[in-house]
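Take a look at the structure below.
The values are calculated or read from the model by the stated rules, or taken from the named source; none is laboratory data. Remember, it's a predicted structure, so these values are computed and weren't measured experimentally. Note that we place each Cβ from the backbone using ideal geometry, even for glycine, and neighbour counts take in every protein chain shown.
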Amino acid sequence: MEVFPDKHSDPFLNLDILCVSMIVSIRDLLLESDFSMCLAYLLNYEPPEDLSLIITKGIKIKKDVFNIEEAKNEDDGFGFEDLDGEANQLRTSTNTK
């Protein structure tokens, strides 16, 4: 039985991973809160000012979930090229605007 869908067959996989990344970004708030506050945080999600943090975290989650080592040479629309370099480029481009 396959726990995770094939990364090439599920068109919404990247969306799922980004949703997980968004939840992870408010993890501490969720852990400290009761059910009603958790629901309020999830329904009124406030994205961070720097969205590249969510995207970078999503890429790292995807790599961890699929144990991707060979993904650096693969283009699946969720690039794995030099994560640190891309994150720095995203931060500098958003900070200069």
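Of note:
- Candidates in segment 20-48 are the residues that are over 26 Å from Lys62 (Cβ atoms) and of a type in the set (Asp, Glu); of these, the one that is farthest from the chain's Cα centre (by Cα) is Asp34.
- Listed here are the helices (runs of 4 or more DSSP H) enclosed by segment 26-97 that have at least 2 residues being touching a Lys or Arg at 6+ places or on another chain (Cβ under 9 Å), surrounded by 14 or more Cβ atoms within 10 Å (Cβ to Cβ) and modelled with pLDDT of 85 or more: 52-66.
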